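The values are calculated or read from the model by the stated rules, or taken from the named source; none is laboratory data. Not measured: the values here are computed from a predicted model. Glycine also receives a Cβ, built like all others from the backbone with ideal geometry; neighbour counts cover every protein chain displayed.
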Amino acid sequence: MVETKYYNAETFNYWGSRNPFLVLMANVNQSAKSAAQKGQQYGRKEALEVDIDAEYLEWLFSEQQGCCPYYEQLGIIKKLDLNLLYVRFNFLTPSVDRIDSNFGYIRGNVVITFRGVNKLKESIPYDEFMNQLAIFENTTIRVQSKNIINKLFNPKSNKMEYLELLKVFVDAGELPYAMKVLNQTKGVASKPITTTIDTSGLSENERLKVRAAARNEHLQPFDSTKNLKPASEVFGVTKGASLVNRGDEYWNDMIQSGSMYETERGSKTEFLVDVDCVPEKWIKKTATIAA
């Protein structure tokens with residue numbers, strides 16, 4: 001085999017003289033197997049045709065000049081790193097993809113791309129996939145994005161105000177994440193604060209969403225040993241969910257008391273309360289608990 005400038009056994013980082021194209025070929029042979037050959041119950045019934053080998057893949061890699069051909073079609077040069085073939089769970093690992101999924105791993109129907117791109121493409125027709133990839137790589141979309149990833153994963157450098165970040169999640173309907181923000185300080189995610197809910201600065205609609213999330217977050221599993229009664233019965237309302245209209249003081253007290261429980265069937269509109277633990281001041285302000 002003639003070695004290309006993109007693969008040099010003397011400088012290969014992980015396995016010395018081990019040929020990475022043999023690894024790529026082993027992956028192809030495994031992928032081409034039928035479900036039965038893989039020991040799987042579901043999947044393709046017939047194995048795919050394979051008429052390529054490691055030599056062909058090295059030639060192909062050389063023809064591609066070590067770059068992903070899909071991105072090159074968009075005018076974007078992205079280099080493939082053969083060393084990543086020995087790294088598990090990496091989006092950028094080189095991977096052999098069939099251009100037309102109706103055919104097997106045959107010459108003229110394969111390219112070497114990134115594992116992540118291979119997964120994205122799946123069985124999408126080539127032209128349609130290229131249109132989608134072009135949109136995916138659109139720089140205008142990236143600039144317009146709120147791009148809150150760094151703010152979430154690097155709270156010490158978080159320049160977004162606590163309330164602004166809370167609003168982002170509430171507006172997006174991501175209430176579980178909104179609750180995580182509520183349970184963090186403004187600066188350090190690892191330093192928990194009390195479960196007190198502070199919704200000052202939010203609109204009324206946003207307050208209701210946050211309180212609903214707080215209720216769901218603090219519901220304990222149904223426990224038949226507790227003195228549980230429907231919240232609607234205890235507080236004299238049509239359904240437990242309507243209690244989100246009450247103020248922050250109510251929710252802070254209820255959360256601190258740990259008296260809220262899921263119903264046995266997991267109702268989304270009702271929850272149970274342990275009448276032995278409900279703060280007394282809230283029982284006095286509502287209907288008398290039925291015996």
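Descriptive notes on the structure:
- Inside the stretch 208-239, residues that are at pLDDT 85 or above and farther than 23 Å from residue 280 by Cβ make up a count of 3.
- Helices (runs of 4 or more DSSP H) completely within the stretch 28-111 that count 1 or more residues being of a type in the set (Asp, Glu) and surrounded by 15 or more Cβ atoms within 10 Å (Cβ to Cβ): 54-63
- Some residue of the stretch 144-156 being closer than 29 Å to residue 51 by Cβ and either touching a Leu at 6+ places or on another chain (Cβ under 8 Å) or modelled with pLDDT under 90 (or both): no
- Near pairs, Cβ below 8 angstrom, 6+ apart or cross-chain, from the stretch 221-242 (at positive phi) to any residue that is assigned to a loop (DSSP other than H, G, I, E, B) and not small (Gly, Ala, Ser): 236/286
Residue-wise test of (1) surrounded by 13 or more Cβ atoms within 10 Å (Cβ to Cβ); (2) at pLDDT 80 or above; (3) not assigned by TED's automatic domain parsing to the domain that holds residue 278.
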{"position": "170", "(1), (2), (3)": "yes, no, yes"}
{"position": "185", "(1), (2), (3)": "no, no, yes"}
{"position": "206", "(1), (2), (3)": "yes, yes, yes"}
{"position": "241", "(1), (2), (3)": "yes, yes, no"}
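- Of all residues making up the stretch 19-55, the number that are of a type in the set (Ser, Thr, Tyr) and at pLDDT 90 or above: 2
- Taken over the stretch 218-239, the criterion of being surrounded by 17 or more Cβ atoms within 10 Å (Cβ to Cβ) and not in a strand (DSSP E or B) is satisfied by 218, 231, 232, 233, 234, 235, 237.
- Close pairs (6 angstrom Cβ cut-off, 6 or more residues apart or separate chains): on the phi > 0 side of the Ramachandran plot and touching a residue at least 24 places away in the same chain (Cβ under 8 Å) in the stretch 244-271, in a loop (DSSP other than H, G, I, E, B) and of a type in the set (Phe, Trp, Tyr) anywhere: none
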